[in-house]
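Worksheet for the structure shown next.
What follows draws every value from the coordinates through simple rules; no lab data is involved. Please read all numbers here as calculations on a predicted model, not as lab measurements. In this analysis, Cβ positions are derived from the backbone assuming ideal geometry, glycine residues included, and neighbour counts consider all displayed protein chains.
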Amino acid sequence: MNETGPIGVFDSGYGGLTILRQIRAYLPEYDFLYLGDNARAPYGSHSFDVIYRYTLQAVEALFARGCRLVILACNTASAKALRTIQTVDIPRLAPERRVLGVIHPTVEAVARQTGSRHIGILATVGTIASGSYELELRKLLPDCVVTGQACPMWVPLVENNEFDSPGADYFVRKRIESVMLRDPQIDTLVLACTHYPLLMPKIVKYLPSGVRIVAQGEYVAEALRDYLIRHPEIDACCTKRGEAAYLTTESVEKFEESAALFMRTAVRAEHIDLHI
């Protein structure tokens with residue numbers, strides 16, 4: 001593999017920027033290319049086939065721009081598209097390239113932290129319906145009790161910049177109370193959507209004392225760093241100028257305004273069309 005390029009980071013919208021920010025903090029020397037499919041977000045309520053098709057289009061677009069490694073910084077895409085892309089599409093399209101997701105490193109972190117082995121998953125409808133977190137958790141903790149709670153309003157609150165509004169309190173409190181009522185023994189809650197860290201102050205406000213919160217950014221960043229150490233042939237194909245570029249399928253102006261909230265700094269974006 002002689003061609004080099006940035007590490008691709010994909011999400012259906014803005015949430016993956018919380019992952020990118022953490023990754024850049026851990027790996028500041030690397031170059032990154034972020035792609036947000038904002039025009040077709042959110043993915044959470046779409047069918048398996050639609051999410052798979054959209055995700056594959058995004059992965060192919062990042063491959064075309066020189067990315068040898070792509071991170072699906074989207075729980076819904078990781079749950080519903082990653083396995084098929086890894087096992088069917090990569091061998092066919094580009095066997096020298098790699099696509100990784102966010103679920104496995106998150107599950108490993110949960111397994112290290114839970115004491116009661118009662119775990120709550122807060123996620124989109126699509127991620128909950130996939131059962132991916134429960135499946136992966138049971139590989140590490142066969143006797144664990146997993147309670148999934150869909151939070152359908154949380155992503156729209158974040159995407160519409162309402163995550164800090166008084167109205168958001170109702171929806172955050174409602175979902176946390178619901179999951180804890182279903183299993184009061186939960187000692188670890190997973191924020192299994194990359195948008196949710198922006199709701200963290202309200203989540204903490206309504207969370208029972210003693211319950212841990214697992215957000216994904218730092219664990220995904222640690223896992224990526226370890227992966228690149230273990231796979232020097234992939235690392236050698238990643239350019240290292242400390243730069244980041246951004247692509248969006250939506251309005252560039254809208255993306256730049258919203259992305260600044262997630263990245264905590266100004267960003268410049270470029271529009272891209274994905275095949276329908």
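Subtract the Cα-Cα distance of LYS139 and GLU96 from 0.36 nm times their separation in residues, and report this length gain in nm to one decimal.
Gain on extension, LYS139 to GLU96, equals 12.7 nm.
May I ask for the net charge around ARG138, where only other residues with Cβ less than 15 Å from the Cβ of ARG138 are counted and Lys, Arg are +1 while Asp, Glu are -1?
-2
Given 10 Å bins starting at zero, what is the percent of C-alpha pairs of the chain in each, up to the one with the largest pair distance?
7, 31, 37, 20, 5, 0
Sort out for me the Cα centre separation of the range 50-101 from the range 220-266, rounded to whole Å.
Cα centroid of the range 50-101 versus Cα centroid of the range 220-266: 16 Å apart.
Would you mind checking the pairs LYS202/LYS254; LYS80/LYS139; LYS174/LYS202 and listing those with alpha carbons more than 21 angstrom apart?
Long pairs (Cα-Cα over 21 Å): LYS202/LYS254.
Any idea what the dipole of the chain comes to, in debye rounded to 20, about its Cα centre with Lys/Arg Cβ at +1 and Asp/Glu Cβ at -1?
Here the chain has a charge dipole of around 520 debye.
Could you tell me which residue out of GLY148, PRO184, VAL267 lies farthest along the dipole of the chain toward its positive end? Charges go on the beta carbon: Lys and Arg +1, Asp and Glu -1, centred on the Cα centre.
PRO184
For the chain, which longest stretch is free of loop sites, where a loop site is one of the trypsin sites (Lys or Arg not before Pro) that DSSP puts outside H, G, I, E and B and that has at most 16 other Cβ atoms within 10 Å?
In short, 66-239.
Using helices alone, what [θ] at 222 nm do you get for the chain, with -39,500 (n - 2.57) per DSSP H run of 4 or more residues, divided over all residues and rounded to the nearest 500?
When only DSSP H runs of four or more count, the value is -13000 deg cm²/dmol.
Could you tell me what percent of the DSSP beta bridges with both partners in the chain are antiparallel, to the nearest 5?
0 percent
Modelled label-to-label distance, GLU29 and GLU233, 7 Å Cα→beta-carbon offset: nm?
Using points 7 Å along Cα→Cβ, the separation is 2.2 nm.
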